[in-house]
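Here's the structure we're looking at; comments come further down.
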Amino acid sequence: MKEIIVLAEHRRGELRDVTWEILSKGRQLSESMGAEIGVALLGKGVSKIAEVLKPKAHRVFLIEDDRLEFYNSETYEKVLTQLITERKPPLTLIGHTAMGMDFAPSLAAHLKMPLATDCIGIDAAGEAFSLTRQLYGGKVNAKVSFLKKGPYMVTVRSGAFPVIEKEALLGELVKLPSPLTDEGLAKRFLQYVEAAVGEVDITQADILVSIGRGIKEAENIPMVREFADAIGGTLACSRPVVDKKWLPKDRQVGTSGKTVKPKVYIAIGISGAFQHIAGMKGAGTVIAINKDPKAPIFSAATYGIVADLFKIVPVLKDKVKGLKKIRVTS
Amino acid sequence: MNIVVCIKRVPETADADVSIGKSGKDIDKSGLAFDLNEWDSYAIEEAILLKEKLGGTVTVLSIGGEDSNESLRKCLAMGADDAIRLTDPAFEGSDGFVTAKILAEAIRKIPYDLILTGTQAEDDGYGQVGVVLAALLGIPHAALVNRLGVQDKNVKVHRELEGGVEEVFELDLPAVLTIQTGINEPRYVSIMGIRKVAKKEIKTLGTSDLNLKVEEVGLTGSDIQLEKIFLPPVGEGAEMLEGKPEEIASKVFDILKEKGGLA
Ligand SMILES: Cc1cc2nc3c(=O)[nH]c(=O)nc-3n(C[C@H](O)[C@H](O)[C@H](O)COP(=O)(O)OP(=O)(O)OC[C@H]3O[C@@H](n4cnc5c(N)ncnc54)[C@H](O)[C@@H]3O)c2cc1C
Ligand SMILES: Nc1ncnc2c1ncn2[C@@H]1O[C@H](COP(=O)(O)O)[C@@H](O)[C@H]1O
């Protein structure tokens, strides 16, 4: 029987959330294709992880090797080339993550497999697939199809698919020999470097006032800071604000920054790229201020304000200050 | 140290009112401003910083029409030595894989120790070209590089992971690195600077110069094809607050009181 293969992504002993998402999507696809689902797990001393994966797939392909202790595109490619060549899955699913982005494109190129990256929708119609991607920073969606014959590889955006609980499968553990040898590698893992710890912890704040590239200049930040102070909020930001060194990295919300869950998140001049949304979608209430009514942030917001931030933020600040005063004196 | 940088000219859409073009397969680009892909501006800056430190040359490559000269010139003004534009009507419709193939054929013709690309292009967002390029050239690579240091025959790189954690690798040269934003501060290019390189020759190469067959490039050579584009549902779930700024402000205040525990 045909079998979709999903790659289990883990780091430092922990499975990454994207694994559950692509397993869930893979299961649904395999059912509609009349196929089975297998999950590939590469690592050193990861049999515990294999146990957790068993109920989610028909087969858990476990490849253990001391040389797989740390992810490396070179070793991953070698191992997955062997697995895919042997099992010939019609479809291989990999997360479009910092890991997936580092090796899926070269693996597909080496295997001469057509690849569609960063997909947010996958529909199977027999042997063919219809994919949905985003263009122009999420402003436009696109339907994409493969032009060549499979087998295919698809990298999947984190958070694009929900994890749907289904009855457990009796995953069979298939231990496979590692093809790796002591032959030297051209790419060598050295170490991890932890994220810098800053003076504020934005993950603990109840109210976050977050600014994006729409703020235009560093000189404009105090205006927003005053508003944040007035409502007892903490200042946060999108990536470009950190890239430009206007605010320190510990204020960045998003996949490569922090994941925050404040009661209220106010996004000001932020377009809403998925890497940003991923970091703030757990917020209780989201208020987005953007001059562009088509900004993707409005799809992730509870309340939207289409306005020029330079006009609306000062009014907001004055209003809050004024109303607070009235309430205190009355 | 000979460094090759691949760059792309893209429309600036973050601030723009984007609409679907007549073909239904792309946006209407008339009236949009174009600039160097954001990630590529960091890649070219990194190359120039390395050249300033270690000597050598920086060559910029771009696949695109004559308009792309504008972005290539910007790179020359920043300090690149040579610019080559890869262009052919047959390139039309090329996907990420074919884009990498064309770039690989052009790069085979020039000496290189290090190749830099952006992590992703703002328009198609494939995040694919640099890594495929390495596979086609048969050299090591690292994606999402936010710090690098060249040491003799290898390069030490930091790869940016989720949550701000980094992974450090050492790669033998030559290698391909895809550069992440924030790695440096791209220098400002003045109009004077652009003017100075206005007359500099930009070589062009097409399919036949690159040992490529017409059927290997463009849509016929591609793995994937765009069927149609559509605007994602906007404002889904978001209740729009309308009215005069003061009225909006009162509503925001009420929301804050109710949801945010504003005292
Ligand atoms: C691997 C990877 C990881 C990433 N990680 C992160 C991450 O952790 N966090 C993150 O944020 N990004 C991340 N990014 C970057 C992300 O893709 C976007 O580039 C980024 O989020 C865009 O930030 P922005 O919305 O502030 O800027 P833009 O997309 O430029 O948007 C600016 C917005 O401001 C609006 N605006 C402009 N002027 C005004 C005004 N006067 N009034 C009101 N609105 C105005 C515009 O309409 C626009 O919507 C990552 C990218 C990659 C490839
Ligand atoms: N047409 C092009 N010409 C030159 N380089 C390109 C082109 N398209 C993509 N690239 C390079 O590949 C990187 C990643 O693009 P992509 O894989 O399309 O997201 C870009 O940042 C560029 O460095």
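The values are calculated or read from the model by the stated rules, or taken from the named source; none is laboratory data. Predicted model, so just to flag it, every value in this text is computed and none were measured. All Cβ positions, even for glycine, are placed from backbone atoms using ideal geometry, and neighbour counts span all protein chains on display. Side chains included, ligands, DNA and RNA excluded: accessible areas come from the protein's heavy atoms. Shrake-Rupley method; radii C 1.70, N 1.55, O 1.52, S 1.80 Å.
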GNM result for chain B, Cα springs below 10 Å: residue of B:Glu246, B:Glu227, B:Glu52 fluctuating most strongly: B:Glu246
Value of Rg/Rh across region A:234-280 [Cα atoms, Kirkwood radius]: 0.91
Whole-number percent relative contact order across chain A, with pairs defined as alpha carbons under 8 Å at least 6 apart: 14
Pairwise Cα inverse-distance average, inverted: Kirkwood Rh of region A:138-292 (Å): 19.1
Antiparallel bridges, percent of DSSP beta bridges restricted to the protein assembly as shown (to nearest 5): 35
Where labels lie 7 Å past Cα in the beta-carbon direction, separation of B:Asp209 and A:Tyr192 in nm: 4.8
Fraction of antiparallel bridges per DSSP, region B:2-221 only, in percent to nearest 5: 40
Chain B: calculated mean residue ellipticity at 222 nm from DSSP helix runs of at least 4, using -39500 (n - 2.57): -8500 deg cm²/dmol
Heavy atoms of A:Trp20 accessible to a 1.4 Å probe, total area in Å² rounded to 10: 70
Check: the protein assembly as shown dipole with +1 on Lys, Arg Cβ and -1 on Asp, Glu Cβ, in debye: 840
Shielding by partners - mean other protein chain Cβ count within 10 Å, residues of A:300-308: 6
Reach of B:Lys200 by Cα under 16 Å, taken over lysines that are not fewer than 8 positions away in the same chain: B:Lys74
Cα→Cβ-extended label distance, 7 Å offset, between A:Ser32 and A:Lys88, nm: 2.5
Nearest-10 value in Å² for the accessible area of B:Asp15, using the 1.4 Å probe: 100
Shielding by partners, peptide A:4-11 (average Cβ within 10 angstrom, other chains): 1
25 °C / 0.890 mPa s Stokes-Einstein diffusion coefficient of chain A, Kirkwood radius on C-alpha pairs, µm²/s: 112
Chain A - mean residue ellipticity at 222 nm from DSSP helices (-39,500 (n - 2.57) per run, n ≥ 4, rounded to 500): -9000 deg cm²/dmol
Cβ crowding within 10 Å averaged over residues, with B:124-131, A:146-153, B:106-113, A:299-306 ranked highest first: B:124-131, A:299-306, A:146-153, B:106-113
q = 0.14, 0.28 Å⁻¹, region A:19-81: log10 I(q)/I(0) [Debye, one scatterer per Cα]: -0.44, -1.15
Restraint check, A:Lys258/B:Lys257; A:Lys48/A:Lys78; A:Lys139/B:Lys29; A:Lys25/A:Lys56; A:Lys139/B:Lys228, Cα-Cα greater than 21 Å: A:Lys258/B:Lys257; A:Lys48/A:Lys78
Span-rule helices in chain B, defined as complete DSSP H runs reaching 20 Å or more along the axis (Cα) with Kyte mean at least -1.0: B:38-54, B:245-260
Packing-based order for A:99-105, A:58-64, using average beta carbon neighbours within 10 Å, highest first: A:99-105, A:58-64
Which of B:Phe91, B:Ile202, B:Gly163, positive extreme of dipole for region B:2-221 (C-beta unit charges): B:Ile202
Solvent-accessible area buried by A and B, counting both chains, probe 1.4 angstrom, square angstrom: 7700
For B:217-224, mean number of other protein chain Cβ atoms within 10 Å: 4
Percent of beta bridges antiparallel (DSSP, region A:211-330, rounded to nearest 5): 0
Euclidean distance of C-alpha centroids, region B:43-75 and region B:196-215, integer Å: 15
Simple label model, 7 Å out from Cα along Cβ direction - A:Glu167 to B:Asp17, nm: 5.5
Volume of the Cα convex hull of the protein assembly as shown, divided per residue and given in Å³: 159
Nearest-ten-degree value, helix A:221-230 long axis tilted from longest Cα axis of chain A: 80
Computed E for B:Glu246/A:Asp182 - FRET, C-beta separation, R0 60 angstrom, nearest 0.05: 0.25
Order by protection proxy (mean Cβ within 10 Å, highest first), peptides B:162-169, A:256-263, B:1-8: B:1-8, A:256-263, B:162-169
Net charge contributed by nearby residues that have their C-beta within less than 9 Å of B:Pro11 (K/R +1, D/E -1): -2
Alpha carbon centroid spacing (whole Å) that separates region B:125-165 from region A:202-222: 30
Mean separation of Cα contacts under 8 Å (6+ apart) over length of region B:2-221, as relative contact order %: 26
Rounded, prolate or oblate (a/c below 1.5 giving rounded, otherwise prolate when a/b exceeds b/c) for region B:2-221 by Cα gyration tensor: rounded
